[in-house]
Structure formats: C-alpha cells, structure tokens
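Trainee: Provided herewith is a single structure, encoded as structure tokens, for subsequent inquiry.
The values are calculated or read from the model by the stated rules, or taken from the named source; none is laboratory data. Everything numeric in this text was worked out from a predicted model, so none of it was measured. Here the Cβ positions follow ideal geometry from the backbone for every residue, glycine too, while neighbour counts run over all protein chains shown. We work out accessible area using only protein heavy atoms, side chains counted, and drop any ligands, DNA or RNA first. Shrake-Rupley method; radii C 1.70, N 1.55, O 1.52, S 1.80 Å.
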Amino acid sequence: MKRLDAIKIGIIGLGTIGHAVASYSMEHYAKQIEVKAALVRNESRDYRLPASCLITSDEDAFFAEDMDIIVEAAGHTAIKKYGVRALHHASFIVASIGALAEENILEELKATAVQHRTQLLVPSAAIGGLDRICAMTLEEIDRIELVTRKPPAAWYGTLAEVKVDLSSVSKPTLIFSGTANESALLFPESVNVSAALSLAGIGFKNTHVRVYVDPTVTQNTHQIIAEGFAGRIELSLQNTPSANNPKTGYIVAMSIVKVLRQYTNPFVIGV
C-alpha cells in the first residue's frame, strides 16, 4: 500500500454508520480524508454535510466522482448491488461483512479487485484480534468460537423477536448456536462480527457461534476464543451501542476511519 497525502472517499448509505464515518472524517481528519460523495435513497433529507460533498440518489453521478476508496454502509443488499461496480473504480470497504457469507459473492468481489488492481477491505469493526487470528492461520488452528451477547433493545427488528419476548425476557437466552455462515445470514445487522472472524480465520463453516439476548448486559459484548499451533487467544470486548441504532456500536465507524487513515499516515501499527 503506497501512502497518499490525502484520500478521496465515497460512502454508500448515510445511516448510522455512514454518517458517523463522514462526520469523523470531516471533523477530525479533513486534511487527510476528503468525503467526495454519498449515495443515498433520499437526497432531500438534511444530512448536515457540507455543500462540497455530493449527496445523490443517482448511481451514475456517484460513481462518476473521483474516489480512492468507497465505503459501504448500507447493508447486505448494497454489497450485492454495488460491490462489483465500486471495485471497478476504487478500493471498497465493507461494513456489512455478513454478506460475504453468501455463496460466490466474496469470490466475485475478489476477482474484480484483482482485475482492476483495487482492494476489497474488511475492517475489524465491532471486534478485535483479527491480526492475531490471521497470523495464526499460518499453522494449524484447532478451534475458533464466538459468543455474542446484546441487550434486548438491540434485537428489535430481527429474528430474535420470533424466538423470545424481548419486552419481558429476564435472563440470558440462547437464540442461536451453529456455524458462522448461518449466523451471518440469519442476523445480517447484528452478527457481522462472525463473518469478520471467519474470514480472518478458518472459514464460515468451521467457526462456531453462540448468540444470546441478555438483559443483564448494557453493552454489545463479544467473546472470541481461538486455539491452535501458535497458542490460545481469549478476547472479550464490550461495545457501547449507538444511540440511533443499538444493533451496532460507535466503534464500527471508528474502525472504518482507522482503515482510511492508514492510507495517509507515515506510521501504521496493528495491521
């Protein structure tokens, strides 16, 4: 990766994550990161972004902008719809990582990146330790497991509503136990972490996931356990839920901005 003095980015989706990426970039790193354009469904809304940022629902207008990196922050459907086109023009950061669990999508995006000399970038987002997990894959890994716990408020609008009464649940309740490819597709907004862990480690079908609705926690929590030739890692993370969307946490947008800054910083650590 060649260091740039500044990068130009586009954002697909200005929901909770996309708007936070734009705000962090412009408020704290404006000299390093220029937000050129955002592709949205409703361009009449007030997104409180400067006039210099093109806000459009016109796909052609968006992709006509000169961008170094395009950030997806609009869900699984956006990756299917725009991923290949984005990689024709620029490197592509995926926030909705669970979409890569679907058959053929990941391979198609990787092939496009190779063809156009761009990069498909997956941030750590809501979890950590992916650098260690990636390094461990150089030798045998025996087990990778993820346990996710989120408070009831984080599960409204998801499959969890069918499995448990979120308004009255009083103790930690297991709502899923299985492989990461199943969890990523069943809970597209809530368990993207299982997809990131799978891609860094031993694959979707070999990564075991347990998911809980847990009224005893106030933060979105993730526990990672990995064992293999290189040793053992056990990592526990607690993420503050976003006030606007408790399914996700502030750290997701912060993680994406961290990736963007790596393209301009002369010193990079933790890659």
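Trainee: Return the pairs, sorted by first residue and then second, in which the second residue is among the acidic types (Asp, Glu), the first residue lies in region 244-271 and is on the phi > 0 side of the Ramachandran plot, the beta carbons are less than 8 Å apart, and the residues are 6+ apart or on different chains.
Mentor: Going by the 8 Å Cβ cut-off, the qualifying pairs are Gly270/Asp131.
Trainee: Report, by residue number, each residue of region 163-173 that is open to solvent by less than 90 Å² (accessible area, probe 1.4 Å) and in contact (Cβ under 8 Å) with a residue 24 or more places away in the chain.
Mentor: Val164, Leu166, Val169, Pro172, Thr173
Trainee: Test Glu103 against the criterion of being of a type in the set (Asp, Glu), closer than 21 Å to Glu189 by Cα and either assigned to a loop (DSSP other than H, G, I, E, B) or open to solvent by 10 Å² or more (accessible area, probe 1.4 Å) (or both), and give yes or no.
Mentor: In short, yes.
Trainee: Have a look at Leu4, Leu54 and point out the one that is modelled with pLDDT of 90 or more, within 21 Å of Leu87 (Cα to Cα) and touching a Phe, Trp or Tyr at 6+ places or on another chain (Cβ under 9 Å).
Mentor: Answer to the check: Leu54.
Trainee: If we keep just the residues of region 141-162 that are in contact with a His (Cβ under 9 Å, 6 or more places away or on another chain) and among the hydrophobic types (A, V, I, L, M, F, W, C), which is surrounded by the fewest Cβ atoms within 10 Å (Cβ to Cβ)?
Mentor: Among them, the one singled out is Val147.
Trainee: Could you tell me which residue of region 139-162 is nearest to Ala226 (Cα to Cα), considering only residues that are aliphatic (A, V, I, L, M) and touching a residue at least 60 places away in the same chain (Cβ under 8 Å)?
Mentor: For region 139-162, the residue satisfying everything is Ile144.
Trainee: I need the full set of residues from region 59-82 which are outside any helix (DSSP H, G or I), open to solvent by less than 30 Å² (accessible area, probe 1.4 Å) and of a type in the set (A, V, I, L, M), in order please.
Mentor: Met67, Ile69, Ile70, Val71, Ala73
Trainee: Next question, about the same structure. Of the residues that sit in region 35-51 and are at pLDDT below 95 and touching a helix residue (DSSP H, G or I) at 6+ places or on another chain (Cβ under 9 Å), which one is most open to solvent (accessible area, probe 1.4 Å)?
Mentor: Arg48
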